[in-house]
Amino acid sequence: MNKLFVFKHFTIHQDRCAMKIGTDGVLLGAWASLEHHPYSILDIGTGTGVIALMLAQRSSAELIDALEIDEDAYEQAVENFENSDWGDRLFCYHAAFDEFVEEMQEEEKYDLIISNPPFYSDEYTSGNTQRDQARFAEALPFEELISGVAALLSEEGKFNVIIPKKEEENFLKTAKKHRLFPQRITHVRGDVRSEVKRTLIEFGFTEKEVTPTELAIENSRHNYTPEYVELVKDFYLKM
């Protein structure tokens, strides 16, 4: 596995992270809307720090906090932040999400919260304990994620997440219980012929009618769709 991942404007060291750079995280970091010009951003489960760094590149947010429970990943994210052009705006906390929520819910709320959460079920195991911890839904149950986000999000703020398509209905129901409603939904296909595997959702506290859109990543192997290229061209070297 490549220890270095070089983007156009920053480099990620990932040799100490169980979860390496993947399409899901980059997709989410590029897809998240910044139209409401967030002053403060929180990236939950930052891993290498890639999403926080993408948002630092894309936005003028003054404060970009990241949260990571795994000690090795936390230390690596800190290094990646410090080595970037935006180190003065990026800060990483080493804590569990429930502890973080308890500590921060009386503080200023975040205008944008983003998460590529762990979502493998307990039947899944890769044989690598650290990697499994990073992926297991039990590491951060959706109910805990959503209730925490509702406590930390500003009234006009947005919450962006990427989840498996099969979890979408359950996730939307849970979010509704916490007064979080979909503002945008995009269904993601690996290629134009494959089934939808992922769902990108933007939530807010305003209830509205939403018509899901679709995004295919490839037309064929390594032949990327114009829509996908447009989304990620500011990041990937070869786009």
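In the elastic network of the chain, a GNM with C-alpha springs shorter than 10 Å, the most mobile of ASP65, ASP85, ASP43 is ASP85. Take the Cα of LEU63, step 7 Å toward its Cβ, do the same at THR225, and the gap between the two points is 3.8 nm.
Calculated mean residue ellipticity, 222 nm, the chain: -8500 deg cm²/dmol, from DSSP H runs (n ≥ 4) at -39500 (n - 2.57) each, averaged per residue and rounded to 500. The residues of the stretch 1-48 present an accessible area of 43 Å² per residue when probed at 1.4 Å with all protein chains retained. Peptides 92-98, 103-109, 77-83 ranked from most to least packed, by the mean per-residue count of other Cβ atoms within 10 Å: 77-83, 92-98, 103-109. For the residue pairs LYS8/LYS166; LYS109/LYS176; LYS3/LYS233, alpha carbon separations beyond 31 Å are given by LYS8/LYS166.
What does the accessible area per residue of the stretch 152-239 come to in Å², with a 1.4 Å probe and no ligands, DNA or RNA counted? That works out to 57 Å² for each residue.
Considering only protein heavy atoms and a probe of 1.4 Å, how much of the accessible area of the chain is carbon and sulfur, as a whole percent? Taking all protein chains in place, the chain shows 46 percent carbon and sulfur surface.
Between GLU82 and GLU103, the modelled label-to-label distance comes to 1.9 nm, taking each label 7 Å out from Cα in the direction of the beta carbon. With only the Cα atoms considered, the stretch 1-52 has a convex hull volume of 94 Å³ per residue. In units of the compact-protein estimate 2.2 N^0.38 Å, the chain shows a Cα radius of gyration of 0.95.
The values are calculated or read from the model by the stated rules, or taken from the named source; none is laboratory data. Model, not experiment: these values are computed from the prediction. Virtual Cβ from ideal backbone geometry, glycine too; neighbours counted across all protein chains shown. Just so you know, the surface numbers come from the protein's heavy atoms only, side chains and all, with ligands and any DNA or RNA stripped out. Shrake-Rupley method; radii C 1.70, N 1.55, O 1.52, S 1.80 Å.
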